[in-house]
Amino acid sequence: MTVRYADVEPGTEIPGKSYRATRLDLVKYCGASGDFNVIHWNERLARSVGLPGVIAHGMYTMAQAGKFVTEWAGDPGAVLEFGVRFSGMVPVPDDDQGATIEVSGTVTEKLGDNKVAVDIVARSGGTKVLTRSRAVVRLP
């Protein structure tokens with residue numbers, strides 16, 4: 001179902017989605033991004049610098065929020081602006097379950113020219129991991 005500009009108003013909530021982050025996902029992201037910082041794959045070294053264990057890349061977490069918006073819009077090209085601030089870590093346990101990143105959103109403003117502003121919330125383990133998360137999307 002395509003979301004249309006005429007069908008949304010400020011306050012329209014976008015149903016939340018959950019995204020999984022496993023150690024394998026992080027290793028794949030290391031290769032894709034070129035960010036092989038040991039805190040994203042080595043438990044012993046992550047703990048040695050005071051972290052609770054291996055943590056997801058901030059940009060990996062941001063990517064899940066971006067995926068959420070593009071899935072809602074139905075077209076990655078519809079996302080005209082996207083930005084976040086990182087506010088928390090996503091610890092990723094060394095098991096088959098990994099961590100869950102829960103993402104939801106709300107249309108906050110209709111900007112004209114079929115554009116809407118969307119505020120995005122991302123949480124993991126009950127903690128907000130992204131703040132000031134906002135996208136501008138052009139809808140049909």
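The values are calculated or read from the model by the stated rules, or taken from the named source; none is laboratory data. What you see is a predicted model; the values in this text were computed from it and never measured. With ideal geometry, Cβ positions are generated from the backbone for all residues, glycine too; neighbour counts draw on all protein chains shown. Each accessible area value is taken on the protein alone, full model and side chains, heavy atoms only, with ligands, DNA and RNA left out. Shrake-Rupley method; radii C 1.70, N 1.55, O 1.52, S 1.80 Å.
The figures follow:
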read-out: Scope region 36-51; condition open to solvent by 60 Å² or more (accessible area, probe 1.4 Å) and outside any helix (DSSP H, G or I); matching residues; value: F36, N37, W41, V49, G50
read-out: Test: residue in region 74-89 that is open to solvent by less than 50 Å² (accessible area, probe 1.4 Å) and closer than 15 Å to R4 by Cα; value: yes
read-out: Which listed residue, of A63, A32, is surrounded by 13 or more Cβ atoms within 10 Å (Cβ to Cβ) and either more than 29 Å from V3 (Cβ to Cβ) or out of contact with any Cys (no Cβ under 6 Å at 6 or more places or on another chain) (or both); value: A63
read-out: Of the criteria (1) in contact (Cβ under 8 Å) with a residue 40 or more places away in the chain; (2) part of a loop (DSSP other than H, G, I, E, B), which one V69 fails; value: (2)
read-out: Cβ-Cβ under 9 Å pairs, at least 6 apart or on other chains, region 25-37 side without any contact (Cβ under 8 Å) to a residue 24 or more places away in the chain and β-branched (V, I, T), far side open to solvent by less than 60 Å² (accessible area, probe 1.4 Å) and in a helix (DSSP H, G or I); value: V27/H40
read-out: Residues of region 121-131 that turn out to be in contact (Cβ under 8 Å) with a residue 24 or more places away in the chain and either part of a loop (DSSP other than H, G, I, E, B) or over 21 Å from I55 (Cα atoms) (or both), as a count; value: 1
read-out: Residue match in region 7-17 (condition: among the acidic types (D, E), open to solvent by 70 Å² or more (accessible area, probe 1.4 Å) and in a strand (DSSP E or B)); value: yes
